[in-house]
Structure formats: C-alpha cells, structure tokens
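Encoded as structure tokens, the structure appears first; notes follow it.
No lab work stands behind these numbers, since they all come straight from the coordinates. Note that this is a predicted model, so its numbers are computed, not measured. Reconstructed Cβ throughout: ideal geometry from the backbone, glycine too, with neighbour counts over all protein chains shown.
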Amino acid sequence: MAEIKSKDWVVKVETKLEGEQWETYLKKARNALRAEVVVPGFRKGKAPINKLDARISIDKVFEKAIKSSQNVAIEKLDQKAAEQNKNLFWEKSISLKLENINEKELAISGEYIVIPHITLGDYKSLKIKLENLNVPADLIEKIKKEKLDKYAVKLESEEPIKLGDEVNFDFTGFIDGKEFEGGKAEGFDLEIGSKRFIPGFEEKMIGLKKGEEKDLKLKFPTDYHVKHLAGKDVVFKVKINSIKTISLPEITDSFVAELNLSPLIKTKKDFEQYINTYALAEHLKDVESDYSAKLSDKVNSLAKFEIHEAIIENRKEQTYHAFLRKLEEQQITEDEFLESAGLTKEEYLKDNEEKIIKELKSSFIMGAMAEAEKINVTYKDYEKYIGDIAANWGLQNIDIIKQYIPFSTYQTNEMTKKLIEKMMNYTDPEAAAEYKKLDSKVKKYFETLDKAKFEKDKAEDKKEEAKETKSKEEKPKAESTKKTTTKKEETK
C-alpha cells in the first residue's frame, strides 16, 4: 500500500496573459505613469512621450500592469486548475508565483490542493457490530420528562437524593490538600443525572440527605479542558442544603388533549406511543452515531497517508471558531475560557490537532469508500428533498429552505448516511436489516403526524379566510342599511 505524502496533495498550475490582452495592461500602466512624470519646462505629464518614457523604468510599468491585471490573471489560473483537476479540494490557490514577465507575456503559477487517489484495504470485512436496538428504559423516561418538564412541580424532600432530583449544595475542591481556583461554590443548584460535573460526582451524591456532608474522592478526566487539572486526583467536600423531587403530572386523556402535540395524539395510549417512538428515534440516532464513531476508528487502518498542513490549519481554525460560537451561547468569552483553562489559543489548537487529523483522515477515507461504492448524490435528489419539505410544511418559497439547507450540506449528509447503511450491511447484516425496518417505522410515524398537523393548520387557515371574507361582504350591507335608515328618518 503506497503511502501518500503531504506533497501528493499539491499540483502546480500555470497560465499566461499574452498578446493583445497583456499589451493593453502595459499600455494603461504606461499612460498612468506618464501622467505623473514632471519634465522641466513642461506641465506635469504633458512633455513629449519619448521624454516621459525616458523617466519611467520598465520595472515600474510591469509593477503597475501586474497590479491592475492580477484579478483577471488569478481568475484565469483558478479556472484552469478546476478544468485540469476534478479532485480539486479548494478552488483557490494556496500560493502564487511570478514565473516570467516581459513585454510579450505575464506568466504566473499557483499551487492547488487536490485530493489524491487513496488506495483502500478490504473495508468490507471490517468487524463492527451495531449496538442493541432495544430502547433503554431510562431514555424513555428522559424523553417523557423532557416533554412534561414545563408541567412539572418541584417538591421539597427529606428523602435521600435519587436520580432526577434537584439538589442545592455547597462544595469545595482540594488537590493535594489545597483548594484550587474555580473549585468552590455555595448554594449551587444541580439536577442529578445532568452530567454537568466530572464523571462520578453526581453518582456519589445519590443517597445523601439534607444537611449531610461527604468527601467525594474523584479524578479529573485526562482530556479535561483545564489543562493543569487534567488527570489529577481531587476531593470535593459537599454539604447538602436542600433536595427537591420533580413531580410530573398524571397522564390522562384530558391532559394529553391539553398538550396539543398533534391532532392524532388524543389519549394516554397515543401519548405513550408518541414517547416510545420518539425515544426509538433518539436511540437509532445514538446507534448510528456509535457505529459511525467505530467505523471512523477502524477506517484509519485502511490507508496510510499524510494530510497537507494547509488543510489541517484550515480545519483547526474552523473547529476553533465553532467552539467559540458554543462558548458565546453559554455567555463565555474567549479570554474567559482560555484564562480558566490556563491555555493560549495556540496551545488549545495544538491539544486538539491529533483529534482533528484523525477526523480528517476518516473523512477522506470514507470519501474514497463512497466513490468505490459508487454512492452519488445529485442536485436532482436535492431538489426533490427540498420540494418534499416545502410540500409537507405548505411553504411556497423554496429558496428560503435552500438557505438553511445548502446543497453541500445535504450532499455530505446523504453520502455519509448511504455509506453507513452500506457498511452496516457488510459488517452486521442481520442487525442492519432490523435497524432499517425500525428507522422506516419511525419516519412513517412522524410523517403521518406532520401531515395531520399540516392538514389541521390548512383547515384552520381556510376557516379564518372564510370568516374574513364574510366580514368584508357584510360590511357594505350594514353600511347600506344604515344609509337607508338615515334617509327614511330625514324624510319624516
């Protein structure tokens, strides 16, 4: 298996501006320079041409001509690169070079990133199993709680802490017997099971009662975001201030009707089916995500190759900006995060580089697998997908949908999905068949709900339109009756 080197990602492309096109730029450059020349005894730029040109170096002419023609030259170079290389990774060059310049031509070259041919191993024989397709009971309860959360009542409890309780507590963290910055708080509210703290913290609080204190002996994960704490042993001293148990409402037919989830969800039995199907949909996503992660790990062994540093640096920046957007959602600034983590931006990017390279390699290998499997997603497929969304939701302007779901996003998602389906069939055919059956069941169920909601909304809109039309028709009649009455009174 030939190993792909960083240099294998780069192609050199050359182009020229020559003949009349280049002569035009030189002529414009000379004229512009002549206008700035001062010859003793003449007004600025008004001396005989030979006297003006004698004071203009050819290098100055070339410099001005390059500046005015560079956009055209680069566009021509980009077009040539696209025509010559079907596996072009970026449409723009990563470097430009002046190859030659004289009064007859301007020759430039650019280096472009292309995806090299990746020779794969026997990917069809990879050993990857799907997770158990039975929906975990705790996931069903989690979905049910989420759907009923705004109707929940929090009751003060004297019972021991259990999963799902909301606990108010004080805590202080110690490493090697010393408090550390950011490891202390009073009156902190936490839902047990939310996984907001490091692994083991919330689990060790289960069973404690109001007023009790306890030392929680734990260890920070090795990949913890605060670098100087990662992998270290820690003791958290906690004191329980109060415990609240979440009490959900009783599910009855009348309560389900009030929820207004769908015109088809009217009874307790309908609600249970909805929750179970919703949980199944979430579980299937988890199963696919787990399979995809395993596949990603396995495929890295299928081919040996380096990735060009320009691609790595670009992905690092993309990843970092996506991370900053998440911080912004949590109202945390970049400086606040870096200070709390004890890192610089460069150190954070370096820490994540290995993971990014691994993800990139998996992406390129899976792209090669999709090509080998002849998986193709066309713009026609995309148009149908967008059209179906518009039809289901009664939307007229499909351009708005396309803004939210561009073709590139749809294409990547669909190709990944189709490849994963194929790989499931290769590596675990029996489970793959059951997965497909369940996935189809879920899609059909929610499509039915969406259609029912759309029909209901449509009927209500028609009723409202009819009401408005009737109101407009009755208004002139009322005004006419009023005028007739007024005339009769005036006659009297």
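Label-to-label distance for F323 and D457 is 3.9 nm, based on points extended 7 Å past Cα in the beta-carbon direction. Here the stretch 10-113 is treated as a sphere whose radius is the Kirkwood value from Cα pairs; by Stokes-Einstein at 25 °C and 0.890 mPa s it diffuses with a coefficient of 161 µm²/s. Phi-derived couplings, Karplus 6.51 cos²θ - 1.76 cosθ + 1.60 at θ = phi - 60°, listed residue by residue for the stretch 332-343: 10, 7, 4, 4, 4, 5, 4, 5, 5, 7, x, 10 Hz, with x used for Gly and Pro.
Report, ordered by chain and residue number, the aspartates and glutamates lying within cross-link reach of K358, taken as a straight Cα distance under 15 Å and ignoring same-chain residues fewer than 8 apart. Leaving aside aspartates and glutamates fewer than 8 places away in the same chain, those within reach of K358 are D297, E306, E309, E313.
Working note: Cα gyration tensor of the stretch 153-247, eigenvalues times five, square-rooted, sorted largest first, giving semi-axes of 25, 13, 11 Å. Each residue of the stretch 429-440 was assigned a 3J(HN,Hα) from its phi angle through the Karplus curve 6.51 cos²θ - 1.76 cosθ + 1.60 (θ = phi - 60°); the sequence is x, 5, 5, 4, 5, 5, 4, 4, 4, 5, 4, 5 Hz, with glycine and proline shown as x. Straight-line cross-link reach from K150 at under 17 Å between alpha-carbon atoms covers these lysines, not counting any fewer than eight positions away in the same chain: K142, K244.
Out of every Cα-Cα pair in the stretch 319-359, what percent are more than 17 Å apart? Taking all Cα-Cα pairs of the stretch 319-359, the fraction more than 17 Å apart is 31 percent. For the residue pairs K384/K453; K227/K402; K76/K326; K124/K147; K64/K402, the C-alpha atoms sit more than 31 angstrom apart in K227/K402; K76/K326; K124/K147; K64/K402.
For the stretch 366-477, report the convex hull volume of the alpha-carbon atoms normalised per residue, in Å³, without decimals. Each step should come with its number before you reach the end.
Values: hull volume 11.8 nm³, N = 112.
Residue-normalised Cα hull volume stands at 105 Å³.
Here the alpha carbons of the chain define both size measures, Rg and Dmax, at 34.4, 110 Å. When the charge dipole of the chain is built from unit charges on Cβ atoms (+1 for Lys and Arg, -1 for Asp and Glu) and taken about the Cα centre, the candidate among G394, L98, G45 whose Cα reaches farthest toward its positive end is G45. For the stretch 259-448, the spread of Cα positions along the three principal axes, ordered from largest to smallest, is 55, 44, 34 Å.
Averaged over every viewing direction, what's the projected area of the C-alpha convex hull for the stretch 43-200? Give it in nm², one decimal, please. The number I arrive at for the stretch 43-200 is 27.4 nm². A simple charge model with +1 on the Cβ of Lys and Arg, -1 on the Cβ of Asp and Glu and nothing else charged puts the dipole of the chain at about 2060 debye relative to its Cα centre.
Based on the Cβ-Cβ distance from K184 to E468, what FRET efficiency comes out when R0 is 56 Å, to the nearest 0.05? Once the sixth-power term is evaluated, E becomes 0.35.
Inter-part distance, the stretch 373-408 to the stretch 27-53, computed on C-alpha centroids, equals 60 Å.
Net charge within 12 Å of Y382 by Cβ-Cβ distance, Lys/Arg positive one each and Asp/Glu negative one each, not counting Y382 itself? Overall, the nearby charge balance is -1.
Report the one residue of N85, P221, V114 whose Cα lies farthest in the direction of the positive end of the charge dipole of the chain (charges on C-beta: Lys and Arg +1, Asp and Glu -1; origin at the Cα centre). The residue sitting farthest along the positive end of the dipole is N85.
I want the local charge near F337. Using Cβ-Cβ distances under 11 Å, sum +1 for each Lys or Arg and -1 for each Asp or Glu among the other residues. Walk me through the intermediate numbers first.
Details: positive: K326, K345; negative: E328, E334, D335, E336, E339.
That sum, taken over residues with Cβ under 11 Å, equals -3.
Expressed as a whole percent, the proportion of Cα-Cα pairs in the stretch 118-201 lying more than 17 Å apart is 70%.
The residue list S471, S262, T319 was ranked by how far each Cα lies along the charge dipole of the chain toward its positive end, using unit charges on Cβ atoms, and S471 comes out on top. With helices as the sole contributors, the chain gives -18500 deg cm²/dmol at 222 nm; each DSSP H run of n ≥ 4 counts as -39500 (n - 2.57), and the sum is divided by every residue. Once the Cα atoms are used to define both axes, helix 137-148 deviates from the longest principal axis of the chain by about 90 degrees. Beyond 31 Å in Cα-Cα separation lie the following of the pairs K129/K304; K162/K355; K294/K316; K350/K380: K162/K355; K350/K380. Its residue count N fixes a reference of 2.2 N^0.38 Å for the stretch 204-258, and the Cα radius of gyration divided by that reference is 1.91. Using only Cα atoms, find the angle between the long axis of helix 268-299 and the longest principal axis of the chain, and express it within 0 to 90 degrees, rounded to the nearest 10. Once rounded, the angle reads 40 degrees.
Where does helix 407-427 land angle-wise versus the long Cα axis of the chain, in degrees 0 to 90, nearest 10? Helix 407-427 sits at roughly 60 degrees to that axis. For the stretch 150-195 versus the stretch 328-370, the inter-centroid distance based on Cα atoms is 30 Å.
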